[in-house]
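Enquirer: Handing you a structure now.
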Ligand SMILES: Cc1cc2nc3c(=O)[nH]c(=O)nc-3n(C[C@H](O)[C@H](O)[C@H](O)COP(=O)(O)OP(=O)(O)OC[C@H]3O[C@@H](n4cnc5c(N)ncnc54)[C@H](O)[C@@H]3O)c2cc1C
């Protein structure tokens, strides 16, 4: 059913098995007999490259990066005051709150509670050449993906709702690596680097995009869960429309901050 919905929405889909499956990704375990190939699927060379390229593009357009831990947002008479933990203050016409899973700490300073939760995920990045991976291979029923990056092969996924402070449990990363080695028997699993990160997840799996209830000059843009990288450009477009008081090209009411 969901593939049919994708097709109706214009996503190209090819159901594959046998020789075609092996051609798309040689070296799969014979246990894997069928798959779905999405020719339009894209992945980034590395999420870090993407973030750095965005920063570079923004700076080329005159954006100035100011680093620091923000302790409070407040609506002033003419705009927004951003207060830093070290005592610095910045005045701005608008502020966009995009602090990932920590966003509710700042919405609280505006008197608004948001149910954004850290949903921890894990991965292991294996050295380049650990497998002849032709494209990203997703194992949805097993909750992990294997992705070719410029820096190596990343085996990642998992969903751990353990707050911010629970000890990191790299057994989850190793478990996914075990599974990946089962599905890709030639995978060399040595020499990997393990990592844990927190997704900003919402109870309804939709992001929060819209104005703070206390101030039309403070825009919320967080809660993108598993899809924050994928949805970043579209979110930026919507936030820009809100700041410039243009009509967004899609209905953004499902993302309204006041829905909880
Ligand atoms: C294992 C894993 C795999 C993933 N895979 C994918 C994927 O394949 N595709 C995809 O689209 N997404 C993926 N995601 C999700 C994606 O990483 C997130 O949705 C995305 O990073 C959210 O971006 P963000 O900018 O909203 O928040 P974040 O990336 O969390 O950034 C928030 C920033 O705000 C800063 N901050 C917080 N509080 C303050 C403060 N008080 N003052 C100053 N700065 C502050 C933080 O330091 C941080 O730099 C994955 C996540 C994980 C963990």
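What follows is calculated from the coordinates using simple rules that are stated; it is not laboratory data. Treat the numbers as computed from the prediction; the structure is a model and nothing was measured. All Cβ positions, glycine included, derive from the backbone under ideal geometry; neighbour counts span all protein chains shown.
Enquirer: Packing-wise, with mean Cβ within 10 Å as the measure, how do 38-50, 110-122 rank, highest first?
Expert: Top of the packing list down: 110-122, 38-50.
Enquirer: Here is a follow-up. Pulled fully out, how much extra length does the chain show between residue 162 and residue 40, if you take 0.36 nm times their separation in residues and subtract their Cα-Cα distance?
Expert: 40.4 nm
Enquirer: For the chain, what does -39500 (n - 2.57) per DSSP helix run (n ≥ 4), summed and divided by total residues, give at 222 nm, in deg cm²/dmol to the nearest 500?
Expert: So the calculated ellipticity at 222 nm is -6500 deg cm²/dmol.
Enquirer: Something else about it: List the residues of segment 210-236 whose backbone N lies under 15 Å from a point placed 7 Å from the Cα of residue 11 along the Cα-to-Cβ direction.
Expert: 226-228, 230-231
Enquirer: Principal axis extents for segment 1-41, Cα atoms only, whole Å, descending order, please.
Expert: Cα spread of segment 1-41 along its principal axes, largest to smallest: 32, 19, 13 Å.
Enquirer: Separation of segment 109-131 and segment 27-81 by C-alpha centroid, Å?
Expert: Cα centroid of segment 109-131 versus Cα centroid of segment 27-81: 13 Å apart.
Enquirer: With each label point set 7 Å from Cα along the Cα-Cβ vector, what nm distance links residue 19 and residue 63?
Expert: A separation of 4.9 nm, rounded to one decimal place.
Enquirer: Moving to a separate point now. Would you look at the GNM of the chain, springs on alpha carbons closer than 10 Å, and say which of 248, 200, 101 moves the most?
Expert: 248
Enquirer: Under the Kirkwood approximation applied to all pairs of distinct alpha-carbon atoms, what is the hydrodynamic radius of segment 173-260 in Å?
Expert: 15.7 Å
Enquirer: If contacts are Cα pairs under 8 angstrom and at least 6 residues apart, what is the relative contact order of the chain in percent?
Expert: With pairs under 8 Å counted, the relative contact order is 18 percent.
Enquirer: For the chain, set up a GNM with springs between Cα atoms under 10 Å and report which of 97, 244, 28 has the largest fluctuation.
Expert: Among 97, 244, 28, the largest GNM mean-square fluctuation belongs to 244.
Enquirer: Specify, per residue and in Å³, the volume enclosed by the convex hull of the alpha carbon atoms belonging to the chain.
Expert: 161 Å³
Enquirer: Pairs of Cα atoms under 8 Å, at least six residues apart: use those to get the relative contact order of segment 1-41, whole percent.
Expert: Contact order relative to length: 47 percent.
Enquirer: Next up: Roughly how many nanometres apart are two label points built 7 Å out from the Cα toward the Cβ at residue 206 and residue 236?
Expert: Output for this residue pair reads 2.4 nm.
Enquirer: Also: Quick one: helix 171-183 against the long Cα principal axis of the chain, what's the angle to the nearest 10°, folded into 0 to 90?
Expert: The angle comes out at about 40 degrees.
Enquirer: On a 0 to 90 degree scale, rounded to 10, what angle separates helix 47-60 from the longest Cα axis of the chain?
Expert: 40 degrees
Enquirer: On a full-extension model of 0.36 nm per residue, what is the gain between residue 244 and residue 71, subtracting their alpha-carbon distance, rounded to one decimal in nm?
Expert: Working it through step by step, the gained length comes to 59.6 nm.
Enquirer: Just to compare against my own numbers: the Cα pair-distance distribution for segment 2-156, 5 Å bins, whole % per bin, please.
Expert: 2, 7, 11, 13, 13, 13, 11, 10, 9, 7, 4, 2, 1, 0
Enquirer: Between 0 and 90 degrees, rounded to the nearest ten: what's the tilt of helix 232-243 against the longest Cα principal axis of the chain?
Expert: Once rounded, the angle reads 20 degrees.
Enquirer: Roughly how far apart, in whole Å, are the Cα centres of segment 154-169 and segment 202-224?
Expert: Segment 154-169 and segment 202-224 have Cα centres separated by 24 Å.
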